[in-house]
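Engineer: The following block contains the structure, expressed as structure tokens.
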Amino acid sequence: MPGHSPTRRRVILGAAALTALPWTMLTAQDRLLEPTPADAEGPFYPVEIPDDSDNDLLRISGREQAARGQLTYLHGRVLDRAGRHIDGARVEIWQCDHDGVYHHPGDEGTPDANFQGFGAMVTDREGAYHFRTLRPVPYTGRTPHIHFRVTAAGFKRLTTQLYVAEEAKRNRVDFLYQRHSAVEQARVTTPFQPIGDPGSGPLAARFEIVLA
């Protein structure tokens, strides 16, 4: 740079870097993932965690018969806002059975004795979780959904609900679903897609969870 000493050039470049720094930080913040929206816990979280509360809700220890309903493999990852995997997060799910009844004393119906109703597991090093459960069904006043509670050290506990993309009509009239904005709805709604031939075969659903 003609007419400028090396020292002056360093001062100018340093000032330019300092000027650019806030914009660089802003750009980095813009790339952060939005946290998964919270949703109501509802009245049917277990009073006591059942003895059999693994990640297979369709089989209860000591029973040969499986629960009624459409088999669904539910899986995903738990991430922080930077997209990093969260190892050791506890993921809990609970839902009603094929007849719309919860395993809870507050529900007056008779639950399917072969359906676990609640399950939990801890994510692996990749932040991954997976459950074997049934496709959620509607019951009076509610669209099909699965409840989630996720806890991890250093993060705010998340309680939310997962909704079925193929239930658009019911979703539109569900009072809790409609509390979310369209952007939030997209974050808590996922397809339940057939594995292999469509029909009565198993389904797969993926739900990525971002903790604040």
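The values are calculated or read from the model by the stated rules, or taken from the named source; none is laboratory data. Note that this is a predicted model, so its numbers are computed, not measured. For neighbour counting, all protein chains shown are included, and Cβ atoms are generated from backbone atoms with ideal geometry for every residue, glycine included. These area figures cover heavy atoms from the full protein model, side chains too; ligands, DNA and RNA do not enter into them. Shrake-Rupley method; radii C 1.70, N 1.55, O 1.52, S 1.80 Å.
Engineer: Report, in degrees rounded to the nearest 10, the 0 to 90 angle that the Cα long axis of helix 6-30 makes with the longest principal axis of the chain.
Structural biologist: The angle comes out near 20 degrees.
Engineer: Counting only protein heavy atoms and using a 1.4 Å probe, what share of the accessible area of the chain belongs to carbon plus sulfur, as a whole percent?
Structural biologist: 54 percent
Engineer: Which whole-Hz ³J(HN,Hα) couplings does the stretch 42-58 yield from phi under the Karplus relation 6.51 cos²θ - 1.76 cosθ + 1.60, θ = phi - 60°, glycine and proline marked x?
Structural biologist: Each residue of the stretch 42-58 in turn: x, x, 10, 5, x, 5, 9, 5, x, 4, 8, 9, 7, 8, 10, 7, 8 Hz.
Engineer: Which of these values of Cα Rg over 2.2 N^0.38 Å was calculated from the structure shown: (i) 1.37; (ii) 0.95; (iii) 1.18?
Structural biologist: Matching the structure shown: (i).
Engineer: OK, next. Restricting to DSSP loop positions (anything but H, G, I, E, B) with no more than 12 other Cβ atoms inside 10 Å of their own Cβ, which trypsin sites (Lys or Arg not before Pro) remain in the stretch 100-204?
Structural biologist: Loop-located and lightly packed - ARG125, LYS156, ARG157.
Engineer: Could I ask something else about it? Relative to the present Cα-Cα distance, how much length would full extension add between VAL183 and ALA82 at 0.36 nm per residue of separation?
Structural biologist: 34.5 nm
Engineer: So for the chain: antiparallel DSSP bridges make up what percent, rounded to the nearest 5?
Structural biologist: 75 percent
Engineer: What number comes out for accessible area per residue over the chain if the probe is 1.4 Å? Units Å², please.
Structural biologist: Here the residues of the chain average 56 Å² of exposed surface.
Engineer: Just want to confirm a number: the relative contact order over the stretch 106-212, from Cα pairs under 8 angstrom separated by 6+ residues, in percent.
Structural biologist: Computed value for the stretch 106-212: 18 percent relative contact order.
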